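In what follows, a single structure is set out as structure tokens and then discussed.
The values are calculated or read from the model by the stated rules, or taken from the named source; none is laboratory data. Computed from a predicted structure; not experimentally measured. FYI the Cβ positions are ideal-geometry reconstructions off the backbone, even for glycines, and counts take in every protein chain you see. Each accessible area value is taken on the protein alone, full model and side chains, heavy atoms only, with ligands, DNA and RNA left out. Shrake-Rupley method; radii C 1.70, N 1.55, O 1.52, S 1.80 Å.
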Amino acid sequence: MTVDEWIVLGVLAVMVVAQATRRVSPTVGVAGALAALYLAGVLDTPQVLSGFSNPAPATLAALYIVAGAVDRSGGLAPLSQRLLTAGAPRRSLARLTAVSAGLSAVVANTPVVAMFIGPVLQWSRRSGESASQYLIPLSYAAVLGGMPTLIGTSTNLVASGMVAVSIGDGYSLFEPARLGLPVAVVGLLVVLAGARALLPGRGERLEASVARPFTVALGVAAGGRLDGATVTEGGLRQLGAVYLIGVERGGELIAPVAPDLRLRSGDQLTFAGQVDDVVALQRFDGLELVEGNHIDALDDGQHAWFETVVGATSPLVGSTIKEADFRRRYQAAVVAIHRSGEGLDESLGRTRLQVGDSLLLVADADFAVRWRNRGDFLLVQRRSEPPPTAAAAATRSLVILLGMVIATAAGVGVLKAALGAAVATVVTGALTPRQARDSVDINVIVLVAAAIGIGAGVESSGLAQRVADGLVDGASGAGVWGVALGLVVATLLLTELVTNAGAVALMVPVALGVARDVDGDPRIFALGVTVAASASFLTPIGYQTNTMVYGPGRYQFTDYLRLGLPVTAVVVILVPLMMAAGRGVW
């Protein structure tokens, strides 16, 4: 191996380990690796900037703006009210997954999943169904639905940009469907067949007393009705679906709480209950919100309830609310916390936040605008009723989206169609310039651009061809199918360890090298690893929509394997066969 190959291999190894152990965020890891290759002299200036000059990041930014307008206007919200039918669980699941997959082909899957989480939880509570048997299928359907189109996922855009640099032309709008459509169709059938049988019955099917328990901290008001009263005298033993689980006094936690414990001013009481009951509890006479008086501002029309989910790359992970200086950093007050799979037996102030924790907040009305597309939170959902949706804005956003899809299908370049739609979104008032800016996730844009640059380094150093040659030699006994299988499995492992963008950046150059060695179709081989890079179904942290449903569905880490393994098996079986055959749908 040459010196450059060793350098690239070493940098990539550090990047994979750092991301697999969650020591750095995906954006920092990939961008840091790109900078290291440049400083080491492996990449020259044009190569290190190739990702930023590639059409993929600009296309993705424009798509964020178009999708942001649809999301903000609520243009697709009426769908959520029509999909779920009482007494028809299988039909409801089929409708939910089909619509989620269809929308994710043309709209970013994150807002699609976010739009349906609340309605699924409400419907589950009313119908007696288990939300845990619907939310993972919702996420998987959104991931599968993005595979068949160029604009369905950032993975396809990254791969298209790399293919364009290597062999001349990127993917057309529906070219990913050659391999992605069969995988999406069969994968959805597996999800439908296995969801109710393989996923546990957790979440909203449970009795109200234990369904999605949030932990909330409230203080005993000085001179109030509870100051000096026992727990029983204060009526805290008859709260229905809310339970008093602990009292913190002078830095010490009293748990369990005896009925005759006499409360004092300054005591901090920790309750657990459903989110709606927790919201109502703050108005209990004699109790006050420990986090301050933000709750009083709800009546001024400028503040609202929000529910958020802590992501794997959030700076909040491992910190308490106080250590994170939450109120100053986010201009919001944490009212309650929910943790999937386990209860919280300590106060909010002592709780160290973990990936997947759901936080109930009080914040100003613009909180979602500021934080919806940041890495701090995967899901930012307003719980109070939003203002009536302006029908004109909803119609404009949908017309612009439809026009973009039609223009792209008619042969207009994807970048040109997306930029035109983004401009139209602002010009027509579907989004203000500030809202358009806030809709773009800069972290993802940098990640995509840096990933393309790393791919250039893997290819130009000769490492990609060396790995390709080794893969072909090692799988020579199994023929082209064995080589294709090795590519797919390696990509699946990488996408769980790092990110889908990072996995496709590393594997597309290898796939192109393998295609040359076996005299295969380079576009089909590139498409094979592109589909595999999107197929993150095994963990709650491999893909952001998986993490979004982790808390609301009360899942445990291993729940994703139950349905994820069969869906992943679809990818492992179908994709290598189509790669070896040299063709997909057409």
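At a glance:
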{"quantity": "Residue list for the range 143-163, filter: of a type in the set (A, V, I, L, M) and outside any helix (DSSP H, G or I)", "calculated": "Met147, Leu150, Ile151"}
{"quantity": "Among (1) open to solvent by less than 10 Å² (accessible area, probe 1.4 Å); (2) among the hydrophobic types (A, V, I, L, M, F, W, C); (3) within 20 Å of the chain's Cα centre (by Cα) - the single one Leu527 does not satisfy", "calculated": "(3)"}
{"quantity": "Residue identified as buried (at least 23 other Cβ atoms within 10 Å of the Cβ), over 24 Å from the mean Cα position of the chain (by Cα), at pLDDT 85 or above and not in a loop (DSSP other than H, G, I, E, B) among Ala417, Ala424", "calculated": "Ala417"}
{"quantity": "Of all residues making up the range 488-522, the number that are free of Cβ contacts under 8 Å to residues at least 12 places away in the same chain and buried (at least 24 other Cβ atoms within 10 Å of the Cβ)", "calculated": "1"}
{"quantity": "Test set (1) of a type outside the set (Lys, Arg); (2) surrounded by 23 or more Cβ atoms within 10 Å (Cβ to Cβ); (3) in contact with an Asp or Glu (Cβ under 9 Å, 6 or more places away or on another chain) - Pro148 fails condition number", "calculated": "(3)"}
{"quantity": "Extreme residue, nearest to the chain's Cα centre (by Cα), among residues of the range 164-180 that are crowded, with 24+ Cβ neighbours inside 10 Å and outside any loop (DSSP other than H, G, I, E, B)", "calculated": "Gly180"}
{"quantity": "Number of the exception - Ala581 against (1) over 30 Å from Ala33 (Cα atoms); (2) open to solvent by less than 10 Å² (accessible area, probe 1.4 Å); (3) free of Cβ contacts under 8 Å to residues at least 40 places away in the same chain", "calculated": "(2)"}
{"quantity": "Pairs, first among the basic types (Lys, Arg) in the range 161-179, second open to solvent by 30 Å² or more (accessible area, probe 1.4 Å) and outside any loop (DSSP other than H, G, I, E, B), C-beta under 9 Å, six or more apart", "calculated": "Arg178/Arg523"}
{"quantity": "Residue check, Ala114 modelled with pLDDT under 85, open to solvent by less than 30 Å² (accessible area, probe 1.4 Å), outside any loop (DSSP other than H, G, I, E, B) and within 24 Å of Trp371 (Cβ to Cβ)", "calculated": "yes"}
{"quantity": "Whichever residue in the range 528-546 is hydrophobic (A, V, I, L, M, F, W, C) and not in a helix (DSSP H, G or I) and, among such residues, is nearest to Ala159 (Cα to Cα)", "calculated": "Ala535"}
